[in-house]
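The values are calculated or read from the model by the stated rules, or taken from the named source; none is laboratory data. What you see is a predicted model, and the numbers here were worked out from it, not measured in a lab. Because the Cβ atoms are built from the backbone with ideal geometry, glycine has one as well, and the counts that use them run over all protein chains shown.
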Amino acid sequence: MRIGILCGHYMPDLLTNPEKIKVHTPYGDIHLETATLGNHEVFFIQRHGEQGNLPPHRINYLGNIHAFAVSHVSCIFSIGTVGSMQKMIRPGDFVIPHDFIDTTKSRPTTFYDDSRIHVDMTEPFCSSLRTLLLKSCKKIKEITVHENGVYLVTEGPRLETAAEIQLYSTAADIVGMTVAPEVTLAREKSMCFVSLCLVCNMAAGLQQRLPADEISALYKKKQPLISKIIHLTFQSLDEKQLCVCPSDVSQATL
Ligand SMILES: [Zn+2]
């Protein structure tokens with residue numbers, strides 16, 4: 001199977017001797033690392049660009065997903081850090097979201113600007129990959145995992161106000177800046193998409209302050225666990241069940 005990994009940070013222990021490649025897309029060149037992992041061909045993209053410096057609102061979302069599509073990737077694992085808006089979801093926990101709310105305002109959200117394509121988002125994240133990820137998390141005893149969650153996507157780059165979090169928390173559980181439009185673009189390209197979220201902080205108003213260095217330190221501490229979850233999940237990919245994600249996009253045409 002050909003698998004894509006989208007991550008906000010490099011994961012040095014994930015791939016052994018990866019080959020660096022550059023994929024030309026209509027949206028610009030995308031730099032990938034590729035390697036074999038077990039029976040799978042893995043393609044890794046640092047979503048913030050080769051230098052890792054693009055803020056969330058300037059990420060080349062179209063280019064990243066297009067690069068996976070032309071590499072014939074069928075499943076995308078998206079890894080990211082989020083804030084928690086619910087007291088029972090704590091920093092250091094993992095969440096495998098089942099739904100999302102998109103409040104972004106200035107990014108491209110579709111490959112189809114010239115046709116009337118309306119992809120079905122009833123179940124945006126691949127149910128089968130979510131099950132496999134959950135099973136892997138449960139095999140690792142140091143991990144607390146939440147098997148459902150609504151991911152609210154903000155535009156950034158600023159963090160949210162306490163009043164915004166109070167409002168958002170009535171409908172969502174975690175807050176981050178990147179799952180949309182990644183998940184919808186993947187569906188438009190008929191790929192399965194799943195998100196593994198590491199909670200790095202409580203959102204505004206639920207803890208005293210939000211120091212960026214603490215968020216990054218927690219990610220570094222947990223990164224080996226993320227690699228372990230991904231490796232375990234890849235070992236079980238043969239158990240993946242049929243899902244709705246690869247359905248023909250032409251069926252979404254008006
Ligand atoms: Zn799927």
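List of remarks:
- Search result, residues across the range 190-207 that are surrounded by 19 or more Cβ atoms within 10 Å (Cβ to Cβ) and closer than 30 Å to residue 27 by Cα: 191, 192, 193, 194, 195, 196, 197, 198
- Lone unmet requirement of (1) under 16 Å from residue 176 (Cβ atoms); (2) loosely packed, with under 14 Cβ neighbours inside 10 Å; (3) not basic (Lys, Arg) for residue 88: (1)
- Where helices (runs of 4 or more DSSP H) fall entirely within the range 144-254, those with at least 3 residues that are within 15 Å of the ligand (Cβ to nearest atom), within 26 Å of residue 123 (Cβ to Cβ) and not hydrophobic (A, V, I, L, M, F, W, C) are at 179-188.
- Residue 101 closer than 20 Å to residue 151 by Cα, surrounded by fewer than 18 Cβ atoms within 10 Å (Cβ to Cβ) and of a type outside the set (Lys, Arg): yes
- Evaluation of residue 203 against the conditions (1) at pLDDT 95 or above; (2) in contact with a Ser or Thr (Cβ under 7 Å, 6 or more places away or on another chain) shows that the sole unmet condition is (1).
- Test: residue in the range 234-254 that is touching a strand residue (DSSP E or B) at 6+ places or on another chain (Cβ under 9 Å), free of Cβ contacts under 8 Å to residues at least 24 places away in the same chain and closer than 30 Å to residue 113 by Cα: yes
- Output for the range 9-32, where each listed residue is under 17 Å from residue 67 (Cα atoms) and under 18 Å from the mean Cα position of the chain (by Cα): 30, 31, 32
- Residue that is surrounded by the fewest Cβ atoms within 10 Å (Cβ to Cβ), among those in the range 50-74 that are part of a loop (DSSP other than H, G, I, E, B) and β-branched (Val, Ile, Thr): 59
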